[in-house]
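Note sheet for the following structure.
The values are calculated or read from the model by the stated rules, or taken from the named source; none is laboratory data. A quick note: this is a predicted structure, and the numbers were derived from the prediction, not measured. Using ideal geometry, Cβ is built from the backbone for each residue, glycine included, and neighbour counts are taken over all protein chains shown. The area values use the complete protein model at the heavy-atom level, side chains included, leaving out ligands, DNA and RNA. Shrake-Rupley method; radii C 1.70, N 1.55, O 1.52, S 1.80 Å.
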Amino acid sequence: MKQKLVVIGNGMAPGRALDKLFQIAPDAYDVTIFNAEPRVNYDRIMLSPVLSGEKSFEEIIIHGDAWYEKNGVTLWKGHKVVAIDREAKTARSERGVVASYDKLIVATGSLPVVIPVPGADLAGVLTYRDLDDVNAMLLAAQSGGRAVVIGGGLLGLEAAAGLKERGMDVTVLHLMPTLMERQLDEAAGHLLQKAIEARGIAVRTKANTEAILGTDPALGPPRARAVRLDDGTEIEADLVVMAVGIRPNVQLAKEAGLAVNRGVVVDAGMRTSDPDIFALGECAEFEGQCFGLVAPLYEMANVVAARLAGDPAPRFKPSALATRLKVTGVDLFSAGDFAEKPGRDEIVLRDAAQGVYKRLVIENDRIVGVVLYGDTADGAWFFQQLKDGADISDRRETLVFGPAYAGGQALDPMAAVAALPDDTEICGCNGVCKGAIETAIAQFGLTSAEEVRARTKASASCGSCAGLVEKLVALSLGDAYQADARKPICPCTTFSHEEVRRVIVGQALKSIQAVMQALEWKTSCGCAKCRPALNYYLLCAWPEEYRDDAQSRFINERAHANIQKDGTFSVVPRMWGGVTSPAELRAIADVAEKYRIPTVKVTGGQRIDLLGVKKEDLPAVWRDLNKAGLVSGHAYAKGLRTVKTCVGADWCRFGTQDSTGLGIRLEKFLWGSWTPHKVKLAVSGCPRNCAEATCKDIGVVCVDSGYEIHFAGAAGMHVKATELLCRVRTEDEVVEYVAALMQMYREQAAYLDRIYKWAEKVGVEHIRCTLTEDEAARRGYFERFVRSQKSAQIDPWARRAAGEERREFVPLELPRMERSMEIA
Amino acid sequence: MGFNVEQWADVCAVEDIPLRGARVVKTPAGCVALFRTFDGAVFALDDRCPHKGGPLSQGIVHARAVTCPLHGWVISLDTGRAQAPDKGAVRTRRAQVVDGRVRLLVAGADAAAE
Ligand code: SRM
Ligand SMILES: Cc1cc2nc3c(=O)[nH]c(=O)nc-3n(C[C@H](O)[C@H](O)[C@H](O)COP(=O)(O)OP(=O)(O)OC[C@H]3O[C@@H](n4cnc5c(N)ncnc54)[C@H](O)[C@@H]3O)c2cc1C
Ligand code: SF4
Ligand code: FES
C-alpha cells in the first residue's frame, strides 16, 4: 500500500523535491499539500519581473493545476496548517481539513521582517514576499504617487526598480553606507548606487527609519503618508515597502515540539528531531545556517526526495552561493565570500568606458569570491572555478579576462588597441580619432600623452580616454617609449596627479570610488599614497558637497594633533600672528597641569606646543582650551599653519606698516583651508625682515610705499629665498592677491608639493602673470577661495570636544571578565 | 580552564571599527590594534610597529595592509610582516566576527597565529 506524504507549504523547495520524487519513485506516496497561499507553485524569484511588467503571473507558474492532477496530488489552496499532532500523525488546517501522514515535510519558508517602528502597521505599508504583495504594490502604483522602499538589498532594489517602472516616485532607504553590502564590495556598491540613481530612483544610505507617519485619523482610516528618519528628515510616501530581511517561519514546527533554533533544526538527511518529519527550504537550519537563495534549497530538495525514496546515501552539503540582481539594465553578479579570513589577495579589473568592475578574491591560488559589475557574462564560469576549487596559479595574469583567455597565451592589452581601425574615435569630447593621433605623433615627434593632449586635444576634456591615448603613444614609439616620462601617483594607477585633478573636474567626479572607477584604478581601495591625494583633490574641487573621508587621511589630520614617536600627541593652539595674552597663557598652563602634559615648548612658528598628550585626553584638552578662546592651530595639517609677524609700526622704531595687524588679518582670513602641502606665511614690518618673510611659502614685507608680496620660499630641507610676486599699496590688495595665490596653488598643485615645488613645475613667471596681469583670473581665484572658506572655517577641535568622531579617541577595552586574563 | 580551551572575548560591534580603519583595544598584554578592511574583514595585531614601535592602529588602512604613521612601513594585516624592502614582523592575534560582534581570542592553544 502507498504511504501517505503530507507537505506543509507549496514553495519552490518542496516543488522541486516532489518533481524529483516522482521521477525516482513515482508510486511510492499519496501526496497531500497544504498551502497558505491560495495558488499553485510558482517561481518566487520571478516576482520582480511581474512587478515591473516584464512577465505575467502565468509565465512564472512552475506547476499548473494539470501537474497536480497528473501526479495525483491533493493540493489544499489557501489552507494554512495550524497544528501538527505527532502522536496521531496528522496535520490540521485552519479551515478544518485534517490529513494523516506517514512522512511529513515542513516547508513553511520565511516571513519578511517588519521593523518595529511606530506606524509599521498602517495601511500602505507592505512587505515583499508573495504574489499578494506584488498585487498590492501594483494597485498602489496605479495612482502614481511616492513610494519609499526600506532596505537596499536584493529585494528592496528589485521592488524599487519595479515600482519606478510602474510610474512611482521612488526613494530607497538603506541603513548601511553602501547598497547590497552583504553581496558586494564598496566599489561595486558604489557603481550600483549610480546605476540605480540613473534610473531616477533616489537612494539614501545610512538612513535609519524611526517612524512611519500616518494621515490624520479625522480624514478617514489612517494610512501611511511619510517616513521619518532618526535625523528628523521626513520623506513623503503613499506606499512604504519594507524589504529588510527574512526570518525562518518556524512557529508551527515549534508548537509541534520539533527542535528549533533560528530555523527548524535538520541533519544532513534533512530530518528534524522527529524521524518521520523532514524540514526543507528557507525554514530549515543546517549546522547553524539558514539559507535564503534557491540553489542550496534545491540541493536540500534532492536529498529529501532520495530519502523518501529509501536511499539513505545523499547528504546535504551547503556550497558557495551566487547572487544576481534582477533589474533590467543592471548587470551584477556576486559569489562566494570576500570577508573575514586572512591570507587573501585580489585581482581587480576596471574599464571606465564600459562601466565595468571585476574583482576576484584569491586564497591559496583559488578563487573564493567574485564580484562582477557591468559585464557579468563570465559569472557562471568564475563561479564554476570557485566551486571546483580550481588552481589558478598558472593563469593568474589573464584570469580576470575570463574564459576567452583562460589557459591561452598571456593577454597583451596593447594588441587590442593596435587592432583598432584608424577611424575609431578615441576622444569623444574632442572628436579625435586614432589615425589623427598617430599622425600627430609621427609628424611632430611627440613622446608623451601630455604632448598628444597639447597638440590634438585628445583627452584634454573629460580625460576618460587618457589610458587609450597613453597606449597609442606607447605603440607608436615602441621601445623609445618611456612610461615614466609622466609619473603616476602610485602603483595603483597609471595617471599622474595633474591628470587625475583634470578628470575630477572634467567629469564632475565626486567620490573616491568614482575617481577610481573612472580612471581604472588597479586596486579596489587604493593605498596610503593615493587616497589622501584623492581626498584632497575632491575636497578642493567640491568644497560644499564633498564629504571628507577620515580614513583617507594621515593620522595627524584624522586626529587633529601631531603624533609623536611614543604614540602620544602634541597640541598647538592658534596664536594669531604670534600674539597672545595672559588669559591664553593661563589657560595653556592650566591645561598642561591638569592633564600632566610633560613638555611645553615655544615652537619655531611663534606659538606654544603641548607635547605628550594622551590620545584619549585630546577632546578634553581641546574643550578646556576652547573655553579660553583658543582654537586648533592646524600644526598637523596640509593647510594653513602659521603666520609669523614682527612687532611692526606699533612698537618698532623702523616699522613702516602694521605688520602684526596684517599678519593677524591674513591668518584669520586663511585659517582652516586645506592645501596640497602645508602653507606658512610671515609678515615683516620693514626690509630688515625679522619675521623671515623671504623664506616662507608666502611672505609680505612692508615698505614705506605699501607692501611687497613674495612667494615660493623654502627653509626646510631645501633653503630658497622667495620670488617677488608684486608690490601693492593697500592691505586689502594684499589680502586679495594672497588669497588668489592660495587658491591657484590649491587648484593646481600635486598633493605634497609645497608652493616652491609647484612654482618650479608650472613656472614662477606663469604664476606671476596670471595673478598680476589677468585681473579676471585673479578675481576668480579669490572668489573661489572665499567660497571654499565658508565650509572650511570650522574649528575641528570644538567639534570633537563636543563629541564628533568619538570613537577615534576612545580606546576599546576587554569586557570585565576577560580583563584579568592573560591575552595569549 | 584547560590550556586548550579557546576563550574568546567580545570586544565591540563590527561597526565600531571604521571601514578602512582601526581601533585600539587595551588589554593586560598591551594594546592590540583591530583593523577592518574595505571588504569587511577584521584583523588583530599588536599595536607596535616592528620598526620603532609606532602605533599601527593610527595608520592608513589600505587593501589588507596598514601604513605605519611614524615612518611609513607597510605591514601586512594577514601575516604581520613588513613589506619588502623592510624586514620584521609584528605578532598577529586571532579575531573573528560572529553575529556582527568582533571577538578576540584571549586564551587557547594557538591564540597567537604567528
Ligand atoms: C614644532 C616645530 C619645531 C619646534 O619645536 O619649533 C616643528 C615640528 C615638526 N616639523 Fe617643522 N616644526 C616647526 C617649524 C618648522 C619650520 C620653521 C617655521 O615654520 O618657521 C620649518 C622651516 C620652514 C618650512 O616649513 O619650510 C620646518 C620645516 C619642516 C619640514 C621641512 C619642509 C620642507 O618642505 O622642506 C618638515 C617635513 C615635512 O613637512 O615634510 C617638518 C615637519 C615637522 C614635524 C611635523 C615632523 C613630523 O612629521 O612629525 C614636526 C612635528 C612636531 C609636532 O608634533 O609638533 N618641518 N618646521 C615647529 C612648529 C611650528 C608651528 O608652530 O607650527
Ligand atoms: C522578490 C523575491 C526575489 C527573489 N530573488 C531570488 C533570486 O534572485 N535568487 C534566489 O536564489 N532566490 C531569490 N529569492 C528567494 C527565493 O525565492 C526563496 O529562497 C525560495 O522561494 C524559498 O523557497 P521555500 O520553498 O523555502 O519557501 P517559500 O517559497 O517561501 O514557500 C513557503 C510557502 O509556504 C506557505 N506556508 C507558510 N506557512 C504555512 C502553513 N502553516 N501552512 C501552509 N502553508 C504555509 C507560504 O504561504 C509559502 O507559499 C527571492 C525571493 C523573493 C521574495
Ligand atoms: S627639525 Fe626634525 S627633529 Fe626637529 S622638530 Fe623638525 S622634524 Fe622634528
Ligand atoms: S615605527 Fe613604524 S615605520 Fe617606524
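Could you please give the count of residues in the stretch A:223-247 that are open to solvent by 10 Å² or more (accessible area, probe 1.4 Å) and not charged (D, E, K, R)?
The total comes to 7.
Yes/no per residue for (1) in contact with a strand residue (DSSP E or B) (Cβ under 7 Å, 6 or more places away or on another chain); (2) β-branched (V, I, T):
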residue	(1), (2)
A:A518	no, no
A:T523	yes, yes
A:G526	yes, no
A:C530	no, no
A:L534	no, no
A:Y537	no, no
A:F554	yes, no
A:E557	no, no
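Only one of A:R806, A:R779 is farther than 21 Å from A:W671 by Cβ, of a type in the set (D, E, K, R), modelled with pLDDT of 95 or more and open to solvent by 10 Å² or more (accessible area, probe 1.4 Å); which?
Matching residue, one of A:R806, A:R779: A:R779.
In the stretch A:330-365, what count of residues is obtained for those that are within 14 Å of another protein chain (Cβ to nearest Cβ), touching a strand residue (DSSP E or B) at 6+ places or on another chain (Cβ under 6 Å) and either more than 21 Å from B:G40 (Cα to Cα) or of a type in the set (D, E, K, R) (or both)?
Total satisfying the criteria: 7.
Only one of these is open to solvent by 40 Å² or more (accessible area, probe 1.4 Å), of a type in the set (A, V, I, L, M, F, W, C) and under 29 Å from A:D238 (Cβ atoms): A:I62, A:I150, A:I115. Name it.
One residue alone meets the criteria, A:I115.
Can you tell which of A:V327, A:V368, A:V304 is out of contact with any strand residue (DSSP E or B) (no Cβ under 9 Å at 6 or more places or on another chain), of a type in the set (A, V, I, L, M) and under 28 Å from A:I246 (Cα atoms)?
Answer to the check: A:V327.
Could you list all residues from the stretch A:209-236 that are assigned to a loop (DSSP other than H, G, I, E, B) and more than 30 Å from the chain's Cα centre (by Cα)?
Correct list: A:T215, A:D216, A:G220, A:P221, A:P222.
Of the residues A:G72, A:G15, A:G9, which is surrounded by fewer than 17 Cβ atoms within 10 Å (Cβ to Cβ) and either more than 16 Å from ligand 1 (Cβ to nearest atom) or on the phi < 0 side of the Ramachandran plot (or both)?
Of the residues listed, the single one that is surrounded by fewer than 17 Cβ atoms within 10 Å (Cβ to Cβ) and either more than 16 Å from ligand 1 (Cβ to nearest atom) or on the phi < 0 side of the Ramachandran plot (or both) is A:G72.
Among the residues in the stretch A:257-267, are any under 26 Å from A:D102 (Cα atoms), in a helix (DSSP H, G or I) and within 14 Å of ligand 2 (Cβ to nearest atom)?
Looking for residues that are under 26 Å from A:D102 (Cα atoms), in a helix (DSSP H, G or I) and within 14 Å of ligand 2 (Cβ to nearest atom), one finds none in the stretch A:257-267, hence no.
Sort through A:T722, A:T730, A:T770 and tell me the only one that's closer than 15 Å to A:L681 by Cα and of a type in the set (S, T, N, Q).
Among A:T722, A:T730, A:T770, only A:T722 is closer than 15 Å to A:L681 by Cα and of a type in the set (S, T, N, Q).
For A:V503, are the conditions met, namely being away from chain B (no Cβ under 13 Å), touching a helix residue (DSSP H, G or I) at 6+ places or on another chain (Cβ under 7 Å), on the phi < 0 side of the Ramachandran plot and open to solvent by less than 10 Å² (accessible area, probe 1.4 Å)?
yes
If only one of A:V172, A:V241 is part of a strand (DSSP E or B), farther than 19 Å from A:P118 by Cβ and hydrophobic (A, V, I, L, M, F, W, C), which one is it?
Result of the check over A:V172, A:V241: A:V172.
Which condition number in (1) open to solvent by less than 10 Å² (accessible area, probe 1.4 Å); (2) within 16 Å of ligand 1 (Cβ to nearest atom) is the one that B:V106 fails?
Just one mismatch for B:V106, condition (2).
Identify, from the list A:E736, A:E773, A:E708, A:E747, the residue that is of a type in the set (D, E), more than 42 Å from the chain's Cα centre (by Cα) and at pLDDT 95 or above.
A:E708 is the lone residue from the list that is of a type in the set (D, E), more than 42 Å from the chain's Cα centre (by Cα) and at pLDDT 95 or above.
For the stretch A:185-199, what are the residues that are facing chain B (nearest Cβ under 10 Å) and in contact with a helix residue (DSSP H, G or I) (Cβ under 9 Å, 6 or more places away or on another chain)?
Residues satisfying the conditions are A:E186, A:A187.
Any idea which residue in the stretch A:162-183 is farthest from the other protein chains (Cβ to nearest Cβ), counting only those that are in contact with a strand residue (DSSP E or B) (Cβ under 6 Å, 6 or more places away or on another chain) and open to solvent by 10 Å² or more (accessible area, probe 1.4 Å)?
A:D169
Here's a check for you: in the stretch B:47-83, which residue that is facing chain A (nearest Cβ under 7 Å) and among the polar types (S, T, N, Q) is nearest to ligand 2 (Cβ to nearest atom)?
Applying the filter and picking the extreme gives B:T67.
Please work out if A:K627 is charged (D, E, K, R) and either within 16 Å of ligand 2 (Cβ to nearest atom) or touching a Ser or Thr at 6+ places or on another chain (Cβ under 7 Å) (or both).
No.
Condition check ((1) more than 11 Å from every other protein chain (Cβ to nearest Cβ); (2) buried (at least 24 other Cβ atoms within 10 Å of the Cβ); (3) free of Cβ contacts under 8 Å to residues at least 60 places away in the same chain; (4) within 16 Å of ligand 2 (Cβ to nearest atom)) across all residues:
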{"position": "A:L477", "(1), (2), (3), (4)": "yes, no, yes, no"}
{"position": "A:K510", "(1), (2), (3), (4)": "yes, no, yes, no"}
{"position": "A:A514", "(1), (2), (3), (4)": "yes, no, no, no"}
{"position": "A:C540", "(1), (2), (3), (4)": "yes, yes, no, no"}
{"position": "A:N562", "(1), (2), (3), (4)": "no, no, no, no"}
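Look at the stretch A:767-795 and say how many of its residues are closer than 21 Å to A:A541 by Cβ and part of a helix (DSSP H, G or I).
Final tally of qualifying residues: 20.
Please identify the pairs in which a residue from the stretch B:23-38 that is aromatic (F, W, Y) has its Cβ atom under 8 Å from the Cβ atom of a residue that is in a loop (DSSP other than H, G, I, E, B) and surrounded by fewer than 21 Cβ atoms within 10 Å (Cβ to Cβ), counting only partners at least 6 apart or on another chain.
Listed by first residue and then by second, the contacts come to B:F38/B:L19.
If I ask for residues that are within 16 Å of ligand 1 (Cβ to nearest atom) and touching a Ser or Thr at 6+ places or on another chain (Cβ under 8 Å), which ones from the stretch B:61-89 would you list?
Passing the criteria: only B:W73.
Filter the stretch A:421-464 for residues that are aliphatic (A, V, I, L, M), modelled with pLDDT of 75 or more and surrounded by 17 or more Cβ atoms within 10 Å (Cβ to Cβ) and give the result.
A:I426, A:V432, A:A436, A:I437, A:A440, A:I441, A:L446, A:A449, A:V452, A:A458
Out of curiosity, is A:R799 surrounded by 17 or more Cβ atoms within 10 Å (Cβ to Cβ) and either at pLDDT 95 or above or assigned by TED's automatic domain parsing to the domain that holds A:S673 (or both)?
Criteria not met by A:R799.
Filter the stretch A:516-529 down to residues that are within 12 Å of chain B (Cβ to nearest Cβ) and either modelled with pLDDT of 95 or more or surrounded by fewer than 24 Cβ atoms within 10 Å (Cβ to Cβ) (or both), then give me how many there are.
Number of matching residues: 5.
Can you tell me which of A:L534, A:L538 is at pLDDT 95 or above and closer than 25 Å to A:R344 by Cβ?
A:L534
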